[in-house]
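Below: one structure, written as structure tokens.
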Amino acid sequence: MNTLFMLTCMILIFLFAYFVSDRSFVNPIVLFCLPMIVSVIYGLQYYSGWRFNVSSETMFLVISSFLVFCFAVFLVSVFIRDRGFRRKSDGYNGINTAFLLRDNVYVLLFVLQIFAAIICFLQERKIVLANGYGGGPSEVIGSYNKLMKFSDDDVNLPGFASLIAGLQQGIAYILGYLFSMDRIHGSRKTYKVILFVLTVVLLTVSGSRTNSIGLLFGTLVMYMLLRCRAGKAITLCNIKAKYVLYVPMSVAVLLIVFFESLTLLGRNEESDFFYYIAIYLSAPMKNLDLAITHGIVHSDYWGQLSFKYLYPSFEKFNLVPVGSTYGAFPFLSFNGYFMGNVYTTFYALLVDFGFAGCLLAVAIMAAMSQCTYSVALCSRNSYSIAVILYAFISFQLFMSFFSSNFYQNIFNTGFIKFIIPIVLFKYYVSIKSPQENKLLS
């Protein structure tokens, strides 16, 4: 009964928060709450096998987090609104960058992507060969992914290759932004679609599907935000039938590709398709409950799990002892079911900060997301850094049902590398278009 009561409260809190918000499909409330609700609903089909009746502690944590997150979003919204940062109601007032940029700019950005992917691949190949794996393209991508997740050794890309990987991701999001702008304002050249699709594929060189999925998700968010700024917002009141049809079909295709891509990454998966989805979608909540039931063991150092990708840098500067970086979370099995090794965003926060600290971290997460979202909507520049930043942040927020992506992926040196090409491109746009020479937003 705890799970059903928790789910009911989650739905009620979400519906109330959604209808008193701006009712956008990509606002922080939707991106944080809705995926978690879906994960619990999907997990109900394994209610008996998983014994998916969560503990009272888990129930209280999740419900409290929903309340805290939504309340923090409302506070930030009121704060921004009262200070006159409200988006103008006269529609889109910026310059259409998609029309100002020549075709060779798109091609140049894509060529840079290719060179970046080659550099990263060659470095990854050296790493996997040194660890006894094969050197074929599929073997390199899959083996490097395994090493990144399960190896206790430092298998991160070295300095220059690491910088290139961050720049590649930043350029990919720029192309996603331009692609979204083109779709809205009618410049729908076929070659631009091809360039974007190939950009998504090139990001898999990192050995993870997450980067590619993040780009697809972020581009969708940018498309929705830019439509809103152009006075063409998609809401429940005006949504077209084609979107109602296309979205479920797109999700289904994405899930199938996600499942079939195991071969590319060198994995063999014996479970059926629907249970494979359950491992990623619903098992994290059960794993969180198992961890809470067995007792949370707090981390040795502050933020050791939540900021795990910062710890290698801390070690280099002797801020923490060598070996302080936390490795992969343990894999779990329960009642004969394989459950994976992810525990939702709450697990790392609980381990690092305790219950009260976890709720505070959730509130900060909400405030950061809502601030970026509001600035992205208020911006009148045709090329808005805030829109791209929110696209990146939105995916981390969306993945809260899965793992601790938000703090791990934002508070690390890779995020700084990601920002560099986005800011430089803003400078390029301001030179090409004097009217765009405004304060960065």
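For the stretch 308-415, please list each of the helices (runs of 4 or more DSSP H) lying entirely inside it that holds at least 2 residues being free of Cβ contacts under 8 Å to residues at least 40 places away in the same chain and under 13 Å from the mean Cα position of the chain (by Cα). Step through it out loud before you land on a result.
Details: elements: 311-316, 344-378, 385-398, 405-410.
Counting at least 2 such residues, we get 385-398.
Please find, within the stretch 162-203, the residue that is nearest to PRO137 (Cα to Cα) out of those that are outside any helix (DSSP H, G or I) and of a type outside the set (Ser, Thr, Tyr).
First, pick out the residues of the stretch 162-203 that are outside any helix (DSSP H, G or I): 186-189.
Among the residues that remain, those that are also of a type outside the set (Ser, Thr, Tyr) are: 186, 188-189.
On the way: GLY186: 37, ARG188: 32, LYS189: 31 Å.
The extreme case among them is LYS189.
What number of residues within the stretch 359-371 are surrounded by fewer than 23 Cβ atoms within 10 Å (Cβ to Cβ) and of a type outside the set (Gly, Ala, Ser)?
Of the residues in the stretch 359-371, the ones surrounded by fewer than 23 Cβ atoms within 10 Å (Cβ to Cβ) are 359-360, 363-364, 367-368, 371.
Filter once more, so that each one left must be of a type outside the set (Gly, Ala, Ser): 359-360, 364, 368, 371.
Counting residues in the stretch 359-371 that are surrounded by fewer than 23 Cβ atoms within 10 Å (Cβ to Cβ) and of a type outside the set (Gly, Ala, Ser) gives 5.
Look at the stretch 120-158 and say how many of its residues are part of a helix (DSSP H, G or I), over 17 Å from SER208 (Cβ atoms) and not charged (D, E, K, R).
3
Out of the stretch 142-161, which residues are polar (S, T, N, Q) and under 18 Å from LEU310 (Cβ atoms)? Explain how you work it out, then say what you get.
Applying the first criterion (polar (S, T, N, Q)) to the stretch 142-161 yields 143, 145, 151, 156.
The one that is polar (S, T, N, Q) and under 18 Å from LEU310 (Cβ atoms): ASN156.
With the requirement that a residue be within 20 Å of ASP182 (Cα to Cα) and among the polar types (S, T, N, Q), what does the stretch 196-211 give you?
Passing the criteria: only THR199.
Name the pairs whose Cβ atoms lie under 9 Å apart, with the first residue in the stretch 32-61 and polar (S, T, N, Q), the second surrounded by fewer than 16 Cβ atoms within 10 Å (Cβ to Cβ), and 6 or more positions between them or separate chains?
Taking only residues 6 or more apart or on different chains, the pairs are GLN45/PHE274; ASN53/MET1; ASN53/LEU4; ASN53/TYR47; SER55/THR293; THR58/THR293.
If you scan the stretch 111-136, which residues turn out to be touching a Lys or Arg at 6+ places or on another chain (Cβ under 9 Å) and surrounded by fewer than 13 Cβ atoms within 10 Å (Cβ to Cβ)?
The one that is touching a Lys or Arg at 6+ places or on another chain (Cβ under 9 Å) and surrounded by fewer than 13 Cβ atoms within 10 Å (Cβ to Cβ): GLY135.
Taking PHE392 as meeting all but one of (1) among the aromatic types (Phe, Trp, Tyr); (2) under 26 Å from PHE32 (Cα atoms); (3) at pLDDT below 95, write down the number of the exception.
Every condition holds for PHE392 apart from (3).
Scan the stretch 1-33 for residues that are buried (at least 19 other Cβ atoms within 10 Å of the Cβ) and among the aliphatic types (A, V, I, L, M) and jot them down.
MET6, LEU7, MET10, ILE13, ALA17, VAL26, ILE29, VAL30, LEU31
Out of (1) in contact with a helix residue (DSSP H, G or I) (Cβ under 8 Å, 6 or more places away or on another chain); (2) at pLDDT below 90, the odd one out for LYS240 is which?
(1)
Looking at VAL105, VAL155, which one is modelled with pLDDT under 85, surrounded by 14 or more Cβ atoms within 10 Å (Cβ to Cβ) and not hydroxyl-bearing (Ser, Thr, Tyr)? Talk me through it step by step, then tell me what you get.
On the way: VAL105 fails: modelled with pLDDT under 85.
It is VAL155.
The values are calculated or read from the model by the stated rules, or taken from the named source; none is laboratory data. Quick caveat: nothing in here was measured; it's all calculated off a predicted structure. Positions of Cβ are backbone-derived with ideal geometry, glycine not excepted, and every protein chain shown enters the neighbour counts.
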